[in-house]
Amino acid sequence: MIASRDAFRQAASTDAPRTPAAVEPLLSIEGVSKRFGAVEVLVDLSLTVAPGEIFALLGPSGCGKSTLLRLVAGFETPSEGRILLDGADVTRVAPNRRPVNMVFQSYAVFPHMTVAENVGYGLTVDRIARDEIDRRVEEALEQVQLDGFAARRPEQLSGGQRQRVALARALIKRPRLLLLDEPLSALDAKLRDAMRLELVKLQESVGITFVIVTHDQSEALAMADRVAVLEGGRLRQVARPETLYRRPADAFVADFIGTVHAFPVRRIAVESDSLDLEVERLGTLSLPATLPSGCLPGEQGDDGAVLVVRPEHIGVATGDVPADHVRLSGQLGDIAFQGDHSVVEIALGDGSALSAVVDEHTTDALQKVGAGTPVTAHWSIADMNLLPRDASASRGKYP
């Protein structure tokens, strides 16, 4: 199950979860493409990031998210398009002249320096006065809860503490924008959960805009105000986490953000207040909805629309089910106990399978009847989404 971003926000602050104000963007990426030789890594990408936002770039390996971060930092130059910070074009401005700092996946903490020397390194290079460096190092270490660690060496620190040293070194320069490339990937699962909360707390306290690159859906949804989903160098969707999960733009986003079962749609007929669908394995269904962008009426074929449902909306019954529910018959398969819920496999007659997330009561009942028992997977038509396989062709630029 995917953790709630609002739960992380509420744990990090007594204030309600923030919605970025309607102000001029801090970062604007306009029509950016990037090629390395004949390989196109980013394709005509446009988005904005508001001041004070935690903005996540999410996608599978090789989708272009780290390249985009390096373009914003100034370590790469776009093949086309431009990058603006506070309205100023910085597309070809050197990295050290941008109000931007970056925390790398490896942290890049200098092993021969103390924590204080690591944190103050950038100010030392800038020839800041020693008393000012000492004051700001002390302040930065307090911000990341490492006061008292100034004299330690990196080998005396845990992975989470080294990460906070890297954060303090970035924060001490007081950037307008902080870029974090897979900031939690080197941590174990328990520490990763703790550091998610620490990062949200830190961002709340310092007010710096964060752009985070991650391939971890839970990490992005838990921490970010908005998330951009990339695939193959293109933007699939930019939205708040709850919108991505509940109203994905297309089948790729739906499947990447959590889990869905997708049923190809063979035909769509538009009525006055509903859609009549012919759906593979489900037959004829009437969906009380308007036609989504990217879906066209008529014959669909393999590249057309799909009807999707998430496992948590699927019930599993050995007896009667509600008459108005969509249903598929099969046999009970494995039951994976997860504590307060279980993931149940239903083997279908065509050799495929569905998974359903069920509560403790249903788990107990299914464990009593055992594997191989005939069962019915069922769900409400209202819990299904009609989506195009790829909405990118019909979509404009993202605000």
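Enumerate the strands (runs of 3 or more DSSP E) found wholly within the stretch 310-392, keeping only those where 1 or more residues are farther than 19 Å from VAL279 by Cβ and within 25 Å of the chain's Cα centre (by Cα).
Where strands (runs of 3 or more DSSP E) fall fully within the stretch 310-392 and carry at least 1 residues being farther than 19 Å from VAL279 by Cβ and within 25 Å of the chain's Cα centre (by Cα), they are 341-348, 353-359.
So which residues in the stretch 65-93 are open to solvent by less than 50 Å² (accessible area, probe 1.4 Å), without any contact (Cβ under 8 Å) to a residue 24 or more places away in the chain and not aliphatic (A, V, I, L, M)?
Within the stretch 65-93, just THR91 meets the criteria.
Name the helices (runs of 4 or more DSSP H) wholly within the stretch 51-144 that hold at least 1 residues that are out of contact with any Pro (no Cβ under 6 Å at 6 or more places or on another chain), of a type outside the set (S, T, N, Q) and farther than 17 Å from ALA166 by Cα?
Of the helices (runs of 4 or more DSSP H) lying wholly inside the stretch 51-144, those with at least 1 residues that are out of contact with any Pro (no Cβ under 6 Å at 6 or more places or on another chain), of a type outside the set (S, T, N, Q) and farther than 17 Å from ALA166 by Cα span 65-73, 130-143.
Taking THR214 as the residue in question, decide whether it is in contact with a helix residue (DSSP H, G or I) (Cβ under 7 Å, 6 or more places away or on another chain), closer than 30 Å to THR243 by Cβ and buried (at least 16 other Cβ atoms within 10 Å of the Cβ).
So THR214 passes the test.
Which residues, counting only those in the stretch 145-169, are polar (S, T, N, Q) and assigned to a helix (DSSP H, G or I)?
Within the stretch 145-169, GLN156, GLN161, GLN163 qualify.
Does the stretch 94-107 contain any residue that is of a type in the set (D, E, K, R) and surrounded by fewer than 16 Cβ atoms within 10 Å (Cβ to Cβ)?
For the stretch 94-107, residues of a type in the set (D, E, K, R) and surrounded by fewer than 16 Cβ atoms within 10 Å (Cβ to Cβ): present.
Quick one: in the stretch 10-27, of everything that is outside any loop (DSSP other than H, G, I, E, B) and buried (at least 20 other Cβ atoms within 10 Å of the Cβ), which residue is modelled with the highest pLDDT?
My answer is LEU27.
Yes or no: ASP216 under 30 Å from VAL41 (Cα atoms), modelled with pLDDT under 90 and charged (D, E, K, R)?
Yes; evaluated as a whole, the condition is true for this residue.
Filter the stretch 90-127 down to the residues that are closer than 24 Å to ALA151 by Cα, hydrophobic (A, V, I, L, M, F, W, C) and modelled with pLDDT of 90 or more and list them by number.
MET113, VAL115, ALA116, VAL119, listed by residue number.
This table checks each residue for (1) buried (at least 17 other Cβ atoms within 10 Å of the Cβ); (2) farther than 29 Å from GLY64 by Cα; (3) under 24 Å from the mean Cα position of the chain (by Cα); (4) not basic (Lys, Arg).
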| position | (1), (2), (3), (4) |
| --- | --- |
| LEU146 | yes, yes, no, yes |
| PHE149 | yes, yes, no, yes |
| GLU155 | no, yes, no, yes |
| VAL165 | yes, no, no, yes |
| ALA170 | yes, no, yes, yes |
| ARG174 | no, no, no, no |
| LEU177 | yes, no, yes, yes |
| LEU180 | yes, no, yes, yes |
| PRO183 | yes, no, yes, yes |
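Residue-by-condition table, conditions (1) open to solvent by less than 30 Å² (accessible area, probe 1.4 Å); (2) touching a residue at least 40 places away in the same chain (Cβ under 8 Å); (3) not charged (D, E, K, R):
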{"residue": "LEU235", "(1), (2), (3)": "yes, yes, yes"}
{"residue": "ALA239", "(1), (2), (3)": "yes, no, yes"}
{"residue": "GLU242", "(1), (2), (3)": "no, yes, no"}
{"residue": "PRO248", "(1), (2), (3)": "yes, yes, yes"}
{"residue": "GLY258", "(1), (2), (3)": "yes, yes, yes"}
{"residue": "ALA269", "(1), (2), (3)": "yes, no, yes"}
{"residue": "ASP273", "(1), (2), (3)": "no, no, no"}
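Given (1) modelled with pLDDT of 95 or more; (2) loosely packed, with under 14 Cβ neighbours inside 10 Å, where does VAL358 come up short, assuming only one miss?
(2)
Does the stretch 28-45 include one or more residues that are of a type in the set (Val, Ile, Thr), modelled with pLDDT under 95 and open to solvent by less than 10 Å² (accessible area, probe 1.4 Å)?
Taking every residue of the stretch 28-45 in turn, none turns out to be of a type in the set (Val, Ile, Thr), modelled with pLDDT under 95 and open to solvent by less than 10 Å² (accessible area, probe 1.4 Å).
Would you check which residues across the stretch 374-386 are touching a strand residue (DSSP E or B) at 6+ places or on another chain (Cβ under 7 Å) and either at pLDDT 95 or above or of a type in the set (Gly, Ala, Ser) (or both) and list them?
Answer for the stretch 374-386, where residues must be touching a strand residue (DSSP E or B) at 6+ places or on another chain (Cβ under 7 Å) and either at pLDDT 95 or above or of a type in the set (Gly, Ala, Ser) (or both): PRO374, VAL375, THR376, ALA377, HIS378, TRP379.
Name the single residue that is modelled with the lowest pLDDT among those in the stretch 285-300 being part of a loop (DSSP other than H, G, I, E, B) and either among the charged types (D, E, K, R) or touching a strand residue (DSSP E or B) at 6+ places or on another chain (Cβ under 7 Å) (or both).
The residue in question is GLN300.
Search the stretch 343-355 for residues being touching a residue at least 24 places away in the same chain (Cβ under 8 Å) and not hydrophobic (A, V, I, L, M, F, W, C), and hand back the single one that is surrounded by the fewest Cβ atoms within 10 Å (Cβ to Cβ).
ASP350
The values are calculated or read from the model by the stated rules, or taken from the named source; none is laboratory data. Please read all numbers here as calculations on a predicted model, not as lab measurements. In this analysis, Cβ positions are derived from the backbone assuming ideal geometry, glycine residues included, and neighbour counts consider all displayed protein chains. The area values use the complete protein model at the heavy-atom level, side chains included, leaving out ligands, DNA and RNA. Shrake-Rupley method; radii C 1.70, N 1.55, O 1.52, S 1.80 Å.
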